[in-house]
Amino acid sequence: MKGLPDDNGLFMPATIPALPQSFFDNIEDYSFPDIALEVCRTLIGGVISDDKLQSIAKHAVNFPAPIVSLDEQTHILELFHGPSLAFKDFGARFMAQLMAHFNAGETRELTILVATSGDTGGAVAAGFYKTPGIRVVILYPSGKVSMLQEKQLTTLGHNITALEIDGTFDDCQALVKQAFLDKDLTNKQRLSSANSINIARLIPQSFYYLEAYKQLKDKKTPVVFSIPSGNFGNLTAGLLAMKMGLPVHQFIAATNANDVVPAYLASGEYKPRPSVRTLSNAMDVGNPSNFARMLDLYSSTWNIMKQDIKGYSYTDAETTAAVKAIYDDTGYVLDPHGAVAYLAFKAYQEANKEVQGVILETAHPAKFIDTVEETIGQTVDVPERLAILAKEKKVAIPMGIGFEGFKEWLMGF
Ligand SMILES: *Cc1c(COP(=O)(O)O)cnc(C)c1O
């Protein structure tokens, strides 16, 4: 519920126990919610009753994560079948369930602060919509999210409030971080976060790595996960799944021009810098908030981390060329984020033939419809739950990047 510890670090599990071998041997007998339940029991069992955990897992994991194989060695893991059409629905839904559980019986409302570069806000808004006792404040960078992304943040109303910040995603993230450290605010409001910095978002993202493994017909060929990355929550969740026993041969950190982690993996030096804008805008992050967790999982040992994780980065031109080439070759439409991960896996595969890749497709291509349609020269089918948003009216509060203005607004909220 606290989001961030007082020392401005990040919460991590004190221990990460392994799942039993029998679970992996019989994984094909488990439904997706059952897999989620096993992970929950192992990590947080004892804190919440088994019955309650079962109900949380069932409600959080209520849409599938299917694999589509382009060929025997190239599998696309579709993580966009939730309400906001992006993988962040998994984290957001699970977290909403968990917070509602712990918030039951509180008299003061809980305010969730969330900075978004595009998809987080929509997922959190959908995940928490109408949750009793909880309200959500979403900060997004003005003009830097797509029209439909913006509609996902600004049209629900009820307990969801959108702040349109005249700055970048990093500015939004800085405002949220500062709010948690401000004593006036934390005395006045019960604050929590829903960004990938909250451990409750991270844990459920490990579920679908196991769900992907379950679906692989061939479990002998080494498995490589390629992850299009921004704040590196998704990749960190994969590391968590590996720690819990998932057989992973290699992780691939795939980025756009915001390549501080691939640069670190290559050089051993971490040099955060301001983000630059790209077509895969949900990965436009200059100082990934989960990097500290990655370091923690490797006891800050670069030598070992760079063996498990290979870094690759791509330009927008390479990304759109890949979207087009994959469509022309296979008929499959990837979004720009998935395309970055696809390119990275193909580059890795060039030098490592005896592997199979699971490419995380983190958003539905319709979320980036302008880029995708222009690139493939075809119309993209828009799922109904997204299409209806275009007609809804945007409601957002405009705000600058100064902390004092934000604080004043939040004090009176
Ligand atoms: C958030 C997001 C990412 C980046 O995920 P991280 O966990 O922040 O690395 C990639 N693709 C899409 C579509 C996203 O919304």
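Structure values in brief
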read-out: Which of 187, 230, 47, positive extreme of dipole for the chain (C-beta unit charges); value: 187
read-out: The chain, dipole about Cα centre (Lys/Arg Cβ +1, Asp/Glu Cβ -1), debye to the nearest 20; value: 920
read-out: Cut-off under 5 Å, modelled amide H: who pairs with residue 313 long-range; value: 255
read-out: Cut-off under 5 Å, modelled amide H: who pairs with residue 359 long-range; value: 75, 76, 77, 226
read-out: Proxy reagent accessibility, fewest Cβ within 10 Å first, across 51, 381; value: 51, 381
read-out: For peptides 341-354, 229-242, 203-216, sequence by mean Cβ density within 10 Å, most packed first; value: 229-242, 203-216, 341-354
read-out: Rounded, prolate or oblate (a/c below 1.5 giving rounded, otherwise prolate when a/b exceeds b/c) for segment 1-102 by Cα gyration tensor; value: prolate
read-out: Fraction of antiparallel bridges per DSSP, the chain only, in percent to nearest 5; value: 10
read-out: Dipole in debye (nearest 20) - segment 1-116, about Cα centre, beta carbon charges: Lys, Arg +1; Asp, Glu -1; value: 500
read-out: Cβ-based net charge around residue 278, under 9 Å, with every Lys or Arg adding one and every Asp or Glu removing one; value: -1
read-out: Tail weight of P(r) past 18 Å, computed on alpha-carbon pairs of segment 228-283, percent; value: 40
read-out: Percent RCO, i.e. relative contact order, over the chain, from Cα pairs under 8 Å lying at least 6 residues apart; value: 20
read-out: Ranked list, fewest to most other Cβ atoms within 10 Å of each Cβ, for 313, 267; value: 267, 313
read-out: Rough spin-label spacing in nm, given labels placed 7 Å along Cα→Cβ, for residue 104 and residue 374; value: 5.0
read-out: Positive minus negative residues near residue 193 (Lys, Arg vs Asp, Glu; Cβ under 10 Å); value: +3
read-out: Globularity index of the chain, i.e. its alpha-carbon radius of gyration over 2.2 N^0.38 Å; value: 0.93
read-out: Interchain or long-range residues, amide H under 5 Å from residue 401's placed H; value: 166
read-out: Choice from 125, 363, 104 showing the highest fluctuation, given a GNM over the chain with Cα pairs closer than 10 Å; value: 104
read-out: Extension reserve of the residue 350-residue 318 stretch, reckoned as 0.36 nm per residue once the Cα distance is removed; value: 9.8 nm
read-out: Neighbour-count ranking [beta-carbon atoms within 10 angstrom, fewest first] of 395, 145, 358; value: 395, 145, 358
read-out: Top positive-direction residue, dipole computed over the chain with Cβ charges, set 86, 413, 67; value: 413
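Just so you know, all these numbers are worked out from the coordinates, no wet-lab data involved. None of these values were measured; they are calculated from a predicted model. Cβ: placed from backbone, ideal geometry, glycine included. Neighbour counts: every protein chain shown.
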